[in-house]
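The values are calculated or read from the model by the stated rules, or taken from the named source; none is laboratory data. What you see is a predicted model; the values in this text were computed from it and never measured. Cβ coordinates were reconstructed from backbone atoms using ideal geometry, including for glycine residues, and neighbour counts include every protein chain displayed. When the accessible area is computed, the model is the full protein with side chains, heavy atoms only, and any ligands, DNA or RNA have been set aside. Shrake-Rupley method; radii C 1.70, N 1.55, O 1.52, S 1.80 Å.
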Amino acid sequence: MAKSVDFDLVDIIDIAQQLNLKLHSIQGGKQYETHCWKCEDESIHGKLTINPIKGVYRCAKCGYSGNVYTMAHDILGYKESALELLVGNKLDYQPQQRRKQALPKENSIAPIDIRHAVYTAFLKRMILHSSHRQDLRSRGLNDAIIQQKGYKSTLHWDSTVGVCYLLQKEGYSLQGIPGFYEKDGQWLFMTVPGFLIPIRDKENRIQGLQIRVDDSILKQKPNLSKYIWKSSAGKLNGTSSGAPVHIARPSKPTIPSVAYITEGPLKADIAAEYIGGTFIGTAGVGLYKQAVEAAKELGITTAPVLFDMDKLKNKDVKKAETKLLEELRKTGIDTFSIEWNPKAGKGIDDVVITHGQRFKDLIQSQVAKHTAQPVKTNPSILQKWMKSKAM
Ligand SMILES: [Zn+2]
């Protein structure tokens, strides 16, 4: 008879230590950070977070997640060795279902049209606070674009019971919509003080919501990320968001065969408007596979990559960029990375705001070389300008 391993009885931290993972305690020992063995992140303490209470881990950089068994299996390489470590005996493995039943049931994600309808109705009932409007304006977005993109404020923690009640009264089911979950018989959307950024697909439908957390909250809670994906996994009737890729379309028509790739949905929105092109905004530089998938789905032939210029100092970013370029080329998409002097701005969103039209011309001239579009500007003059002026 095959015995089974009860993962509930195995301490993931105990196993992590036996596997020689360097652990760094965070949140007063409630969670631990270590280096991800999938994406080989080289940050100080590591980007992979282990949650000992739930017995699971997740890498913030590449999105890789699993439990104590997958951890042991990945590192030791063999099922047998992993099980030996977990139970101290050689056993036949039988998947253990108990943990899944013990945790609140997670819903499968609702189809995109349903999610879009619910998020649209939800955002309609939310307001944009003047402080957030001011923030968005200072990032170079005008009121018409702010309205069109649908940014809204979440002023408090988990304070959306009223809105959720109204949505249900209007006939919307909140099941299977990432971010929504049930608490004490009432539905709510998980919020943190900040503003919501709708994450859209290529047809401009809302796939999910990301939150830009207010700086005042980030100061109080340094472990929070600046941008949070509104998943409600682990909550009653909650749904995991995955890490969808944002497709930012500019308000004016653009060349359909080109899409730029950058990190971050908000940055993509801003850059799309200024450059006048479609942008693919990933949730992290490590998530290059999703970016490649999105590029394929868009059916583009050219994908210039515009990562933050901290890649000059950050080896992880540079490595991720190289992988992205390689993978895109494998699928037959023409790609190249566009770089600028970091003094002109760290991210593409900073540069386009500060250097506007001239930077746009520089980018378009580089793209024209790859797409055989007529060159409208003289790149040598622009490059000279980039060297003398922007730097
Ligand atoms: Zn990773």
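Here are the numbers for this structure:
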quantity	calculated
Test result for A303, buried (at least 19 other Cβ atoms within 10 Å of the Cβ) and either in the same structural domain as L287 (by TED's automatic domain parsing) or not aromatic (F, W, Y) (or both)	yes
Residue list for the range 328-351, restricted to those being surrounded by fewer than 18 Cβ atoms within 10 Å (Cβ to Cβ) and of a type in the set (D, E, K, R)	R329, K330, D334, E339, K343, K346
Condition met for T302 (at pLDDT 80 or above and hydroxyl-bearing (S, T, Y))	yes
Condition broken by H45, with the remaining ones in (1) open to solvent by 60 Å² or more (accessible area, probe 1.4 Å); (2) in a strand (DSSP E or B); (3) not basic (K, R) satisfied	(2)
Filter pass, A272 being open to solvent by less than 10 Å² (accessible area, probe 1.4 Å), touching a Pro at 6+ places or on another chain (Cβ under 6 Å), among the small types (G, A, S) and under 20 Å from G208 (Cβ atoms)	yes
Candidate set from the range 275-296 (those that are within 16 Å of the ligand (Cβ to nearest atom) and in a helix (DSSP H, G or I)); member that is least open to solvent (accessible area, probe 1.4 Å)	A291
Per-region count, the range 320-362, residues among the small types (G, A, S) and part of a helix (DSSP H, G or I)	3
Residue selected from the range 48-80 under the condition surrounded by fewer than 19 Cβ atoms within 10 Å (Cβ to Cβ) and of a type in the set (S, T, Y), by the criterion farthest from the ligand (Cβ to nearest atom)	Y78
Pairs with Cβ under 6 Å, 6+ apart, first in the range 56-76 and closer than 13 Å to C36 by Cα, second small (G, A, S) and within 11 Å of the ligand (Cβ to nearest atom)	R58/S65; K61/G284; K61/G286; C62/G286
Scope the range 107-140; condition open to solvent by 70 Å² or more (accessible area, probe 1.4 Å), more than 23 Å from P193 (Cα to Cα) and in a helix (DSSP H, G or I); matching residues	D113, I114
Only listed residue being outside the structural domain of I197 (by TED's automatic domain parsing), more than 19 Å from the chain's Cα centre (by Cα) and touching a residue at least 24 places away in the same chain (Cβ under 8 Å), chosen from T282, T278, T335	T335
Whichever residue in the range 22-42 is within 15 Å of the ligand (Cβ to nearest atom) and modelled with pLDDT under 80 and, among such residues, is surrounded by the most Cβ atoms within 10 Å (Cβ to Cβ)	D41
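Condition check ((1) surrounded by 18 or more Cβ atoms within 10 Å (Cβ to Cβ); (2) closer than 18 Å to Y227 by Cβ; (3) in contact (Cβ under 8 Å) with a residue 12 or more places away in the chain) across all residues:
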position: H156; (1), (2), (3): no, no, yes
position: S159; (1), (2), (3): no, no, yes
position: C164; (1), (2), (3): yes, no, yes
position: L167; (1), (2), (3): yes, no, yes
position: G176; (1), (2), (3): yes, no, yes
position: G179; (1), (2), (3): yes, yes, yes
position: K183; (1), (2), (3): no, no, yes
position: L188; (1), (2), (3): yes, no, yes
